[in-house]
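To start, the structure under review is shown below, and the notes come after it.
The values are calculated or read from the model by the stated rules, or taken from the named source; none is laboratory data. Since this is a predicted model, take the numbers as computed values, not measurements. Cβ atoms come from the backbone with ideal geometry, glycine included; neighbour counts cover every protein chain shown. Remember, those area values only see protein heavy atoms, side chains included, never the ligands or the DNA or RNA. Shrake-Rupley method; radii C 1.70, N 1.55, O 1.52, S 1.80 Å.
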Amino acid sequence: MTSQRTRDRMLNRLREQGIKDEVVLAAIGSTARHIFVDEALSIRAYEDVSLPIGFGQTISQPYIVARMSELLRNGQPLEKVLEIGTGCGYQTAVLSKLAKEVYSVERIRPLLLKARDHLRKLKCINVKLDHADGNMGLAQLAPFDAIIVTAAASHIPPDLLTQLAVGGRLVIPVGTDEQILYLVERVSANDYRQTQLEPVKFVPLLGGTTSQ
């Protein structure tokens, strides 16, 4: 279930689904997704499905991870990336292979601690995790040349827009009953370009933090 052949099948499926960035595909192919799910679910780790990780959260399906990563990269190396919603750390691990620095925020402390263990096992040394409200971003570390949000917001948080560098990209699912993946590009200090991409399904982006 964790063999290279299984991972290769996953990568071929992603190519068939339209993922073209071979750098992203290589990052996904070299990231052990089974580490990030409970042992009972590990047999399904390389299927193109989201899986529960506890606390009402999920690990995104490989296609969504690849799609959002490809949109962030836009064919260019990434420097400093902010991720909102660490979850189990899988998207974080993929980003660590695509960016020089990754900062990731998670509101649920037990998930953050689990993610830290997973990332330590994979020796993701360019990642820093923070227990915080993702709606607020990390203003003290801004600007970021890319921001990825892995939960659906009812609207695009204004704090994330201001923390995006000029020329930077924000990829975020927006909506409640129906969700659409958005790409937001900061064209200048006061000008943003928004593009609606495709329907998606994420858990909601909530405010505040929790220790349980």
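Some points to look at:
- Flag if residue 33 is under 18 Å from residue 124 (Cβ atoms), open to solvent by less than 80 Å² (accessible area, probe 1.4 Å) and of a type outside the set (S, T, N, Q): yes
- In the stretch 160-184, the residue that is surrounded by the fewest Cβ atoms within 10 Å (Cβ to Cβ) out of those that are closer than 20 Å to residue 103 by Cβ and among the polar types (S, T, N, Q) is 162.
- Restricting the stretch 177-208 to residues that are part of a loop (DSSP other than H, G, I, E, B) and under 19 Å from the mean Cα position of the chain (by Cα), the residue that is farthest from residue 130 (Cα to Cα): 201
- Residue match in the stretch 185-193 (condition: buried (at least 17 other Cβ atoms within 10 Å of the Cβ), within 19 Å of residue 75 (Cα to Cα) and at pLDDT 95 or above): yes
- Looking only at the stretch 108-159, and only at residues there that are in a helix (DSSP H, G or I) and among the polar types (S, T, N, Q), the one that is surrounded by the fewest Cβ atoms within 10 Å (Cβ to Cβ): 140
- For the stretch 1-45, filtered to residues that are hydroxyl-bearing (Ser, Thr, Tyr) and outside any loop (DSSP other than H, G, I, E, B), the residue that is nearest to residue 63 (Cα to Cα) is 6.
- In the stretch 15-27 there is at least one residue that is within 15 Å of residue 148 (Cα to Cα), aliphatic (A, V, I, L, M), in contact with a helix residue (DSSP H, G or I) (Cβ under 9 Å, 6 or more places away or on another chain) and touching a residue at least 24 places away in the same chain (Cβ under 8 Å).
Residue-by-condition table, conditions (1) open to solvent by 10 Å² or more (accessible area, probe 1.4 Å); (2) closer than 27 Å to residue 212 by Cβ; (3) without any contact (Cβ under 8 Å) to a residue 60 or more places away in the chain:
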residue: 56; (1), (2), (3): yes, yes, no
residue: 72; (1), (2), (3): no, no, no
residue: 89; (1), (2), (3): no, yes, yes
residue: 92; (1), (2), (3): no, yes, yes
residue: 97; (1), (2), (3): yes, no, no
residue: 100; (1), (2), (3): yes, no, yes
